[in-house]
Amino acid sequence: MKINEYQQAALSTAYYPKDISLIYLALAINGEAGEVAEKVKKLYRDRNGVGDMNFAKSVALELGDVLWYVSVMASELGFTLEDVAKMNIDKIESRKQRGALGGNGDNR
């Protein structure tokens, strides 16, 4: 599946309050990313950091939820996922070329 095809499929199942779409979607992305972090936390707490395929699949499913919300929010903002991916790679490549991969700040 291509990334923009995924976005269109995600949009076909999108159900959320449109009057507060950006707030809702931003909070949902954060919530789903928190679920990823919780799984990793518990892996280290309960299994000394030793994962298996079941662990990897459970994290992948949560990452899919993050991707779903990112897809929908990108669309709300007028971007395809391909647009977002390209902008991100361009930004990171620029930082790499300027020796600014480390450090802080959006505009480094």
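Restricting the first member to segment 36-65 and to residues that are among the polar types (S, T, N, Q), and the second to residues that are in a helix (DSSP H, G or I) and modelled with pLDDT of 95 or more, the beta-carbon pairs closer than 8 Å and six or more apart or on different chains are Ser58/Lys39. Checked against (1) surrounded by 15 or more Cβ atoms within 10 Å (Cβ to Cβ); (2) touching a residue at least 12 places away in the same chain (Cβ under 8 Å); (3) among the hydrophobic types (A, V, I, L, M, F, W, C), Phe79 passes all but a single condition, namely (2).
Would a scan of segment 26-42 turn up a residue that is among the aliphatic types (A, V, I, L, M), open to solvent by 80 Å² or more (accessible area, probe 1.4 Å) and within 23 Å of Ile3 (Cβ to Cβ)?
no
The values are calculated or read from the model by the stated rules, or taken from the named source; none is laboratory data. Everything numeric in this text was worked out from a predicted model, so none of it was measured. Because the Cβ atoms are built from the backbone with ideal geometry, glycine has one as well, and the counts that use them run over all protein chains shown. Keep in mind that these areas ignore ligands, DNA and RNA; they rest on the heavy atoms of the full protein, side chains included. Shrake-Rupley method; radii C 1.70, N 1.55, O 1.52, S 1.80 Å.
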